[in-house]
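Written out below as structure tokens is the structure these notes cover.
The values are calculated or read from the model by the stated rules, or taken from the named source; none is laboratory data. Small disclaimer: the values here were computed from a predicted structure and weren't measured. Using ideal geometry, Cβ is built from the backbone for each residue, glycine included, and neighbour counts are taken over all protein chains shown.
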Amino acid sequence: MRAVIQRVLNASVTIDGITNSKIEIGLLILLGIEEADNQEDIEWLSGKISRLRVFDDENGIMNLSIQESGGDVLIISQFTLHASTKKGNRPSYIKAARPETAIPLYESFIKTMDLILGKPSKTGIFGAEMQISLINDGPVTIIIDTKNRE
């Protein structure tokens, strides 16, 4: 699994001209799922994201997690995070999981984040054509890959 995590002042997802979900202060999580991903990846990634200390404490130091800050989470599926540009100019998405694999893992990731945070996450719609709007705060953008645990 790959995730691009952005600390935001606000973010929203629009589908067919209608705002599907929106958050104020929190994290926008773009989530890419590959065929090799499993529940272990979900547990590790959701735990890592929920504990990331990327929100300012009372001294203006990034020292608080999403749990501690009380912010919201917007989770968007994005298979293009697994694009390979090794050959040619047209990205290959061969590593991206097919819907029959990706949808249950995406839904499980959402449920796991909901449990950890103690409140529902906001989401897009898997496979939909979506427009994402955000104001990145900082900017703070972090990329995490469960296959390359740094």
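Summary of values
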| item | result |
| --- | --- |
| Pair list, Cβ under 9 Å, 6 or more apart: segment 37-55 residue farther than 24 Å from GLY70 by Cα, other residue of a type in the set (Gly, Ala, Ser) and modelled with pLDDT of 95 or more | ASP37/ALA102; GLN39/SER108 |
| Pair list, Cβ under 7 Å, 6 or more apart: segment 113-139 residue within 22 Å of MET62 (Cβ to Cβ) and modelled with pLDDT of 95 or more, other residue among the aliphatic types (A, V, I, L, M) and in a helix (DSSP H, G or I) | LEU117/ILE66; SER121/ILE110; SER121/MET113 |
| Helices (runs of 4 or more DSSP H) fully within segment 37-146 counting 1 or more residues that are out of contact with any Ser or Thr (no Cβ under 9 Å at 6 or more places or on another chain) and on the phi > 0 side of the Ramachandran plot | none |
| Cβ-Cβ under 8 Å pairs, at least 6 apart or on other chains, segment 68-86 side in contact (Cβ under 8 Å) with a residue 24 or more places away in the chain, far side acidic (Asp, Glu) | GLY71/GLU24; ASP72/GLU24; HIS82/GLU34 |
| Residue check for THR101: surrounded by fewer than 19 Cβ atoms within 10 Å (Cβ to Cβ), of a type in the set (Ser, Thr, Tyr) and in contact (Cβ under 8 Å) with a residue 40 or more places away in the chain | yes |
| Scan of segment 57-72 for residues that are farther than 23 Å from TYR106 by Cβ, of a type outside the set (Gly, Ala, Ser) and surrounded by 16 or more Cβ atoms within 10 Å (Cβ to Cβ), ordered by number | LEU64 |
| Selection within segment 23-36 - over 11 Å from the mean Cα position of the chain (by Cα) and either surrounded by 22 or more Cβ atoms within 10 Å (Cβ to Cβ) or more than 19 Å from ALA83 (Cβ to Cβ) (or both) | ILE23, GLU24, ILE25, GLY26, GLU34 |
